[in-house]
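Peer 1: My structure is below; once you've seen it, I'll send some questions.
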Amino acid sequence: MVVPYTFWPDAYIQRGRILTANPWACMRSSVNERFKLGPQRNRALAFLLQAEEFYEAGREPRLTARPLLYYYSFMNLSKAFLTVRHNATLSACMHGLKEGTENVRKRMTITSQEVKVNDVGGTRTQVYREMVQSCGFAVPAKPKPVTLVTLLEQVLGVHDTYCQSFGRCRRFFPVEDIAFRYDHSKRVAWVSLSVKKEVLKTAGRDSASSIRDALADFEEVDAGNNENRHYESKQTITYGRSPLDALSELVRITKRDVWSLLVPGGFEFYVTSIPAKKCFAQIASHYQAMFYFGSVTRYRPDDLAKLHQSKYGWLIEDFINTQCLQFIYLLGSGLLGVEMVIPKTVIG
């Protein structure tokens with residue numbers, strides 16, 4: 001048995017996959033089905049309604065207003081996610097992010113502007129930190145500020161635009177196949193993946209070694225295939241009656257190396273040559289970048305205009321116009337407990 005890889009393993013075990021052009025309706029139906037009338041259900045539905053309305057409002061305005069509306073959609077979807085997963089009350093919460101203290105004084109470029117994650121502390125719930133941790137990723141207690149351009153480099157959906165904008169070689173590479181495998185005689189399971197050698201050559205001769213060094217939880221193995229490079233998870237998981245018993249743990253220990261991209265009909269997976277110590281959780285880079293653009297939209301719209309009119313304006317526009325839906329489907333699948341995918345239509 002070979003089980004497809006998925007960002008949310010419980011979704012595969014429980015109900016498989018939902019094909020939908022309306023993720024909001026699916027999430028509402030799930031909340032109504034799973035929770036009885038009461039504070040948790042009402043709170044989750046209220047946050048979902050706000051997230052949807054901010055998203056729909058953001059589809060109409062020009063770029064000058066869209067980032068703030070999309071950020072509030074991200075934030076409220078994250079609150080709904082935390083309500084469903086942990087019954088969080090969120091009566092006292094904060095963004096968990098802020099702009100770098102020197103942003104206003106620095107020249108307005110995507111290479112100078114920074115986003116800072118709040119340090120651990122205080123009594124109020126930090127939405128960003130709680131959301132990322134609930135997705136299975138670590139957030140340092142005292143993170144260093146990160147530049148906007150670093151975040152955009154790690155947004156998979158606009159990585160090609162980033163590379164063209166800066167004249168850089170690609171740092172993300174499509175996975176040819178990825179799957180859970182097992183040896184029933186030994187009752188152990190692991191994850192395997194492969195990357196085409198021809199794809200690696202397009203990004204320079206050191207790409208293969210860079211990927212090998214960047215992978216935190218995979219190691220390269222000799223599979224006797226001259227077309228692909230093969231990797232397997234360093235750690236195997238022992239199971240009892242069924243290999244599926246190891247599924248959740250295998251995803252937990254490997255998904256920081258595996259990036260997901262929503263495409264019509266499913267998800268594609270990628271690995272990166274960015275060193276593990278410099279990588280952010282995929283869903284975190286989306287959230288932090290949209291937070292920054294929302295903050296500038298709200299407080300310094302003239303600075304947003306400067307960014308948009310710069311030579312990197314098309315990268316910014318590409319991110320804002322396309323990546324909201326990526327975030328909604330990925331985080332929404334975790335809220336739903338089922339992997340949602342978009343029908344084979346154009347992703348807007």
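Peer 1: Run the numbers for SER242 and VAL104: contour at 0.36 nm per residue of separation, minus the present Cα-Cα distance, in nm.
Peer 2: The SER242-VAL104 span can extend by a further 44.1 nm.
Peer 1: Right, here's the next one. In this model, which of LYS79/LYS344; LYS197/LYS344; LYS186/LYS234; LYS201/LYS255; LYS255/LYS278; LYS116/LYS277 are farther than 20 Å apart at the alpha-carbon?
Peer 2: Working: LYS79/LYS344 29 Å; LYS197/LYS344 29 Å; LYS186/LYS234 16 Å; LYS201/LYS255 25 Å; LYS255/LYS278 16 Å; LYS116/LYS277 17 Å.
The answer is LYS79/LYS344; LYS197/LYS344; LYS201/LYS255.
Peer 1: Evaluate the distance, in nm, between pseudo-label points positioned 7 Å from the Cα of HIS184 and of ASN321 along their respective Cα→Cβ axes.
Peer 2: Label-label distance for HIS184 and ASN321, simple model: 5.1 nm.
Peer 1: Hey, with R₀ at 41 Å, roughly what FRET efficiency would ASN226 and SER112 work out to, going by the Cβ-Cβ distance, to 0.05?
Peer 2: 0.35
Peer 1: Then there's this: Tell me the relative contact order for the chain as a rounded percent, counting alpha carbon contacts under 8 Å between residues six or more apart.
Peer 2: On the way: 585 pairs, mean separation 91.1, N = 348.
RCO, the chain: 26 percent.
Peer 1: From the phi of every residue in the stretch 170-180, what ³J(HN,Hα) in whole Hz does the Karplus formula 6.51 cos²θ - 1.76 cosθ + 1.60 yield, where θ is phi - 60° and glycine or proline is x?
Peer 2: Ordered by residue, 3J(HN,Hα) equals 5, 10, 10, 9, x, 7, 5, 7, 9, 7, 7 Hz.
Peer 1: Per residue of the chain, what 222 nm ellipticity follows from adding -39500 (n - 2.57) for every DSSP H run with n ≥ 4, rounded to the nearest 500?
Peer 2: So the calculated ellipticity at 222 nm is -13500 deg cm²/dmol.
Peer 1: Under 17 Å from the 7 Å Cα→Cβ point of ALA57, by amide nitrogen: which residues of the stretch 89-111?
Peer 2: Taking a point 7 Å out along Cα→Cβ of ALA57, no residue of the stretch 89-111 has its backbone N under 17 Å.
Peer 1: Which cross-chain or sequence-distant (5 or more) residues have an amide H under 5 Å from the amide H of GLY266, H modelled 1.01 Å from N in plane?
Peer 2: Close amide H contacts, sequence-distant or interchain: ILE342.
Peer 1: Below 10 angstrom from the Cβ of LEU90, what's the summed charge of the other residues (Lys, Arg +1; Asp, Glu -1)? Intermediate results must be reported in sequence, preceding the final value.
Peer 2: On the way: positive: ARG43, LYS79, ARG124; negative: GLU130.
Once all neighbours under 10 Å are counted, the net charge is +2.
Peer 1: How far apart, in nm, are two points set 7 Å out from the Cα along the Cα-to-Cβ line at ALA276 and at ALA25?
Peer 2: 4.3
Peer 1: Sort out for me the Cα centre separation of the stretch 5-81 from the stretch 284-348, rounded to whole Å.
Peer 2: About 15 Å separates the Cα centre of the stretch 5-81 from the one of the stretch 284-348.
Peer 1: What length, rounded to one decimal in nm, is gained on full extension from ARG300 through to VAL199, with 0.36 nm per residue of separation minus their alpha-carbon distance?
Peer 2: In short, 32.2 nm is gained.
Peer 1: Another question about this same structure. In a shell of Cβ-Cβ distance under 15 Å around THR125, excluding THR125 itself, what net charge do Lys and Arg (+1) and Asp and Glu (-1) give?
Peer 2: +3
Peer 1: Using amide H atoms built 1.01 Å from N in the peptide plane, name the residues 5+ places from GLU176, or on other chains, whose amide H lies under 5 Å from its own.
Peer 2: When sequence neighbours closer than 5 places are left aside, the close amide H contacts are SER194, VAL195, LYS196.
Peer 1: Lys and Arg at +1, Asp and Glu at -1: add these up for the other residues within a Cβ distance under 14 Å of SER165 and post the number.
Peer 2: On the way: positive: ARG168, ARG170, ARG171, LYS311; negative: GLU153, ASP160, GLU317, ASP318.
Taking every other residue near SER165 into account, the sum is 0.
Peer 1: Highest mean first, what order results for 65-77, 249-261, 97-109 on Cβ atoms within 10 Å?
Peer 2: Details: 65-77: 23.1, 249-261: 20.4, 97-109: 14.7.
Ranked by mean Cβ neighbours within 10 Å, highest first: 65-77, 249-261, 97-109.
Any read-out appearing in this document is the output of simple, stated calculations on the displayed coordinates, not a laboratory observation. Nothing here was measured: the structure is a model prediction, and the numbers come from that model. Cβ: placed from backbone, ideal geometry, glycine included. Neighbour counts: every protein chain shown.
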